[in-house]
Amino acid sequence: MESFFDVIVVGGGPAGLLAARTAAEKGLEVLLVERKKKISKVKRTCCASFYLESNYMSETTQIEGKKLIFTKNDFSVNYSGSFWPIKEKYGFSPGGYKWHMARFESEDYGKDTPLSLVLDKEALIEGLLKEVKNLGVKVMNASKAKKIENTEKGVKVEIHKEGQYLPIEGKKAIIADGVNSHMIESLGLNKNRKVKGSRCMFVEYVLEDCDIPYPNAVLNFTGGAICKFGHILLWPNAEGLPRVLGFNSIESSKHIKYPIATIDYFINESSFASWFKHAKIIEKTGGSLVPREAIAEPCLGNILAISDAAAFIEVENQGAMMCGFQAGNAVFDELNGSDGFNNYVDWWKSSFEFNNPKLLKGMNAIPAFNVGGFNDEDIDYLFSLIDGETLYGTCNQYKSAAAIWIAIDNHSETIKRDKPNLFKKVKKVMALISD
């Protein structure tokens, strides 16, 4: 194998693969380094969703057959796997009251268009991997990038593979090794990143033989009587099989036993246990992350950090592909005398909501039910006020929680009359998300 490349891409997920594909399509010599032996194997919990939403991450996506279309970034991704449509979102209180979101017809989407599609991420990665190999990208699997540095010639990456130390050099490098990025840590780029909250631990069970009455919905569960040790989400995978996600609350221990206990209690003892009376667990995954603020200027010399490696929490799968596409173009531009990295930074800052302080405030509403002093009785009462309403359907995590609270606040006069103390709590949450 050559020891010098135009660009070295660290990470073989959707972001790294799109970066490698785009750079190779431009005629660059590309090396892709991935620590997993089987690159397409997904070992970490992932929602694996493709959101159909106007201007989400400054993009309006579409799907045509098995092709994922990025209309504003102007590229597409072939996808041969299965997918499952998500048409609604529900949130349940301990007493069974619920909020509801669904698609509203718009200029970009008809009323029957799903809110999102759950993809088979392994099929997505396998397809992209095949493409990059056909384009001549050199792929090193089962290889761990341990260190990266700028040099006079460009960059040097220290790679460990099968007990061997392999120093490989290139003109540019793209870091796309995901959340908890080892490369970002090795460069010291985490030193000034503020941690927003505590480490989140999460576990997911994939189940079969369940009796869930909402097969095409994402379900959120709130309150101590349901989520005894943390929080619960429930949604299907690409084959329609239910996935139960448990994660620790902010005030609970960071130990992995808490999300496991949360799921076990939910499916065996909560008021929703009847849905899982005959359920069988067919797969378990998990993971953790430290929610650090995004890197505002994700480039250092000849190195560009992209996607989840530089993000606040994550950019989702479609954001990852967008980052890869833009990064591949940025490297090509840099090597041809243009200011590609600065152009990428400008795009990064304008495209993702976590770089917008106003939209980031909407995230403050997400844990409010659980850490804002709301007990199960409060949650039942608030959800009862909007039970029967259909809210504008959005999968945008920066807007959805705020939309629920705004719907509740529309009943503020009733809350003030019936429960003055609860009214004060609601207004504290609204102050967090107001402009």
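Looking at LYS194, LYS228, LYS171, which is the one that is over 28 Å from MET322 (Cα atoms) and among the basic types (Lys, Arg)?
LYS228
Tell me which residues, restricted to the range 354-408, are over 27 Å from GLN318 (Cβ atoms), modelled with pLDDT under 85 and not in a helix (DSSP H, G or I).
Of everything in the range 354-408, those that are over 27 Å from GLN318 (Cβ atoms), modelled with pLDDT under 85 and not in a helix (DSSP H, G or I) turn out to be GLY372, GLY373.
Do we have LEU166 as surrounded by 14 or more Cβ atoms within 10 Å (Cβ to Cβ) and modelled with pLDDT under 95 here?
yes
May I ask you to list the residues in the range 75-114 that are charged (D, E, K, R) and in contact (Cβ under 8 Å) with a residue 40 or more places away in the chain?
Residues satisfying the conditions are LYS87, GLU88, LYS89, LYS98, ARG103, GLU107, ASP108.
When you go through (1) touching a Lys or Arg at 6+ places or on another chain (Cβ under 8 Å); (2) in contact (Cβ under 8 Å) with a residue 40 or more places away in the chain; (3) farther than 12 Å from LEU119 by Cα; (4) surrounded by 14 or more Cβ atoms within 10 Å (Cβ to Cβ) one by one for LYS43, which number turns out not to apply?
Among (1) touching a Lys or Arg at 6+ places or on another chain (Cβ under 8 Å); (2) in contact (Cβ under 8 Å) with a residue 40 or more places away in the chain; (3) farther than 12 Å from LEU119 by Cα; (4) surrounded by 14 or more Cβ atoms within 10 Å (Cβ to Cβ), the lone unmet condition for LYS43 is (4).
Is it the case, given these coordinates, that GLU413 is without any contact (Cβ under 8 Å) to a residue 12 or more places away in the chain and among the acidic types (Asp, Glu)?
When the stated conditions are applied, GLU413 passes them.
So GLU105 fits all but one of (1) out of contact with any Lys or Arg (no Cβ under 7 Å at 6 or more places or on another chain); (2) more than 24 Å from ARG243 (Cβ to Cβ); (3) of a type outside the set (Phe, Trp, Tyr); (4) exposed (fewer than 14 other Cβ atoms within 10 Å of the Cβ); what number is the exception?
So GLU105 meets the others, but not (1).
Please determine, by comparing only the residues of the range 216-237 that are within 19 Å of ILE404 (Cα to Cα) and β-branched (Val, Ile, Thr), which one is farthest from the chain's Cα centre (by Cα).
The qualifying residue farthest from the chain's Cα centre (by Cα) is THR222.
Would you confirm whether or not the range 100-109 contains a residue that is outside any loop (DSSP other than H, G, I, E, B), modelled with pLDDT of 95 or more and either of a type in the set (Lys, Arg) or assigned by TED's automatic domain parsing to the domain that holds ALA19 (or both)?
Within the range 100-109, not a single residue is outside any loop (DSSP other than H, G, I, E, B), modelled with pLDDT of 95 or more and either of a type in the set (Lys, Arg) or assigned by TED's automatic domain parsing to the domain that holds ALA19 (or both).
Identify, from the list GLY16, GLY81, the residue that is crowded, with 23+ Cβ neighbours inside 10 Å and touching a strand residue (DSSP E or B) at 6+ places or on another chain (Cβ under 9 Å).
GLY16
Being among the aromatic types (Phe, Trp, Tyr) and either under 13 Å from the mean Cα position of the chain (by Cα) or modelled with pLDDT under 95 (or both), is that true of even one residue in the range 315-329?
Looking for residues that are among the aromatic types (Phe, Trp, Tyr) and either under 13 Å from the mean Cα position of the chain (by Cα) or modelled with pLDDT under 95 (or both), one finds none in the range 315-329, hence no.
Which condition does ILE148 not pass, out of (1) buried (at least 20 other Cβ atoms within 10 Å of the Cβ); (2) under 24 Å from the mean Cα position of the chain (by Cα); (3) hydrophobic (A, V, I, L, M, F, W, C), if it passes all the others?
(2)
Based on this model, can you work out whether GLU158 counts as farther than 24 Å from GLY286 by Cβ and outside any loop (DSSP other than H, G, I, E, B)?
yes
Of all residues in the range 59-99, which are assigned to a loop (DSSP other than H, G, I, E, B) and under 21 Å from ALA238 (Cα atoms)?
GLY65, LYS66, TYR79, SER80, GLY81, SER82, LYS87
Among residues belonging to the range 110-126 that are in contact with a Leu (Cβ under 9 Å, 6 or more places away or on another chain) and not in a loop (DSSP other than H, G, I, E, B), point out the one that is surrounded by the fewest Cβ atoms within 10 Å (Cβ to Cβ).
LEU117
The values are calculated or read from the model by the stated rules, or taken from the named source; none is laboratory data. Note that the structure is a prediction, hence the values are computed from the model and not measured. Virtual Cβ from ideal backbone geometry, glycine too; neighbours counted across all protein chains shown.
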